[in-house]
Amino acid sequence: MSEIARLREQIELECEAMRLALHGYAAVASHKAIEQKYNALGQHHEALEQLVGKEEANSIIVETYLRVIG
């Protein structure tokens with residue numbers, strides 16, 4: 001699996017965790033837990049920027065976020 005594919009998968013998993021924390025069964029996630037997920041997304045974004053450039057990294061993050069979280 002390429003590094004880009006691995007980061008895409010991680011981004012999707014972080015987004016899914018945020019979606020469940022916000023809207024899942026018994027949504028009781030703390031602000032801190034959600035903030036940690038957003039921070040992890042930021043780290044993945046920075047890693048992607050190094051591999052594909054800023055614009056493509058932005059596209060990947062936004063597309064995945066919108067698809068998973070809505």
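Distance in nm between label sites at residue 69 and residue 22, each 7 Å beyond Cα in the beta-carbon direction?
For the pair residue 69/residue 22, the computed spacing is 0.4 nm.
Tell me, what ³J(HN,Hα) does each residue in the stretch 51-65 have, in order and in whole Hz, if you take phi through Karplus 6.51 cos²θ - 1.76 cosθ + 1.60 with θ = phi - 60° and put x for Gly and Pro?
Per-residue couplings from phi come out as 8, 10, x, 5, 5, 5, 4, 4, 4, 4, 4, 5, 4, 5, 4 Hz.
Run through the chain and list the chymotrypsin sites (Phe, Trp or Tyr not before Pro) located in a DSSP loop whose Cβ has at most 12 other Cβ atoms within 10 Å.
Answer by residue number: 25.
Of the listed values [x] 32, 28, 19; [y] 49, 22, 15; [z] 37, 22, 21, grab the one calculated as Cα extents along the principal axes in Å from the structure here.
Here Cα extents along the principal axes in Å agrees with entry [z].
Each reported figure results from applying straightforward, stated rules to the coordinates on display, with no laboratory input. Just so it is clear, the model here is predicted, and its values are computed rather than measured. Cβ sites come from the backbone with ideal geometry, for glycine too, and all protein chains shown count toward neighbours.
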